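Asker: Please read through the structure below; I'll follow up with questions.
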Amino acid sequence: MSVRRDILELDSALLGAATQLAMRALSLTPYGPGALESLELAARSPGSEARALACVDGGVVEGVIAFGAFAGAEGAARLHLVIVRDESRREHVGRALVEAAVARLGAEGARFVLTELPDDSLALPHARDFLTNLGFHEESRVENFFRDGVSLAFMRRELAIRSGDQPVR
């Protein structure tokens, strides 16, 4: 018998499990502190620029996403992070989280979603393929941004605007 997965707002009650998930996934990388900061802000002070969702299955946080609007940029939104438990990979948890976040952003009038990806195939081996499979494409990059050989890639996904929607602010 399968347990139903729920996508919930990340709040203080789920923050501990989401933080542990992020620490396990990113502890051996230089990207952990930024991820933890994004999760903390989104859970403790959610707003248009920082909020998060968690995918929960039987009380276990399977994945988490932090996202929001770009401050001061009309119609622009961003993904801060997507993390999925190793045991839940290939079960569409990440896809469900991204699509839920993108749907919310689109309903609020976002024209596009941008994510800043450390193009680090050792620390984040499947991140680029994951985003590409979800309709993101590399818009630009800054070579050797994080360190020699590790660039910052700006990955973008266009969103359809429905008439009458107001852009995200």
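The values are calculated or read from the model by the stated rules, or taken from the named source; none is laboratory data. Since the structure is predicted, the reported quantities are computational estimates derived from the model, not experimental observations. We place every Cβ from the backbone using ideal geometry, glycine too, and count neighbours over all the protein chains shown.
Asker: For the range 96-115, which residues satisfy the criterion of being of a type in the set (D, E, K, R) and at pLDDT below 95? I'd like the intermediate steps shown before the answer.
Answerer: Our first condition is that a residue be of a type in the set (D, E, K, R); within the range 96-115, this holds for 99, 104, 108, 111.
Listed by number, the list holds a single entry, Glu108.
Asker: As an exercise: evaluate Ala107 against (1) more than 23 Å from Ala52 (Cβ to Cβ); (2) surrounded by fewer than 16 Cβ atoms within 10 Å (Cβ to Cβ) and give the number of the one condition it does not meet.
Answerer: If we test Ala107 against (1) more than 23 Å from Ala52 (Cβ to Cβ); (2) surrounded by fewer than 16 Cβ atoms within 10 Å (Cβ to Cβ), just (1) comes out false.
Asker: Looking only at the range 96-116, how many residues end up being in a helix (DSSP H, G or I), of a type in the set (A, V, I, L, M) and under 14 Å from the mean Cα position of the chain (by Cα)? Walk me through it before giving the result.
Answerer: Just the residues of the range 96-116 that are in a helix (DSSP H, G or I), to begin with: 96-107.
Filter again for of a type in the set (A, V, I, L, M), leaving 96-98, 100-103, 105, 107.
Next, only the ones that are under 14 Å from the mean Cα position of the chain (by Cα) stay: 96-98, 100-103, 105.
Final tally of qualifying residues: 8.
Asker: Provide a single number: the residues in the range 73-83 that are touching a residue at least 40 places away in the same chain (Cβ under 8 Å) and either surrounded by fewer than 18 Cβ atoms within 10 Å (Cβ to Cβ) or over 17 Å from Ala43 (Cβ atoms) (or both). Outline the logic, then answer.
Answerer: Within the range 73-83, the subset touching a residue at least 40 places away in the same chain (Cβ under 8 Å) is 74-77, 80-83.
From the residues that got through so far, the ones that are either surrounded by fewer than 18 Cβ atoms within 10 Å (Cβ to Cβ) or over 17 Å from Ala43 (Cβ atoms) (or both) too are 74-77.
The qualifying residues number 4.
Asker: A further question follows. What is the residue count in the range 142-169 for residues that are surrounded by fewer than 15 Cβ atoms within 10 Å (Cβ to Cβ) and modelled with pLDDT of 65 or more?
Answerer: 9
Asker: Which condition number does Glu138 fail, the rest of (1) more than 15 Å from the chain's Cα centre (by Cα); (2) part of a strand (DSSP E or B); (3) within 22 Å of Leu26 (Cα to Cα); (4) not hydrophobic (A, V, I, L, M, F, W, C) being met?
Answerer: Only one criterion in (1) more than 15 Å from the chain's Cα centre (by Cα); (2) part of a strand (DSSP E or B); (3) within 22 Å of Leu26 (Cα to Cα); (4) not hydrophobic (A, V, I, L, M, F, W, C) is unmet by Glu138, namely (3).
Asker: Which is free of Cβ contacts under 8 Å to residues at least 40 places away in the same chain, surrounded by fewer than 19 Cβ atoms within 10 Å (Cβ to Cβ) and either over 27 Å from Ser140 (Cβ atoms) or not aliphatic (A, V, I, L, M) (or both), of Gly47, Gly68? Don't jump to the end; show me each part of the working.
Answerer: Values: Gly68 fails: surrounded by fewer than 19 Cβ atoms within 10 Å (Cβ to Cβ).
Selected residue: Gly47, the only one of Gly47, Gly68 that is free of Cβ contacts under 8 Å to residues at least 40 places away in the same chain, surrounded by fewer than 19 Cβ atoms within 10 Å (Cβ to Cβ) and either over 27 Å from Ser140 (Cβ atoms) or not aliphatic (A, V, I, L, M) (or both).
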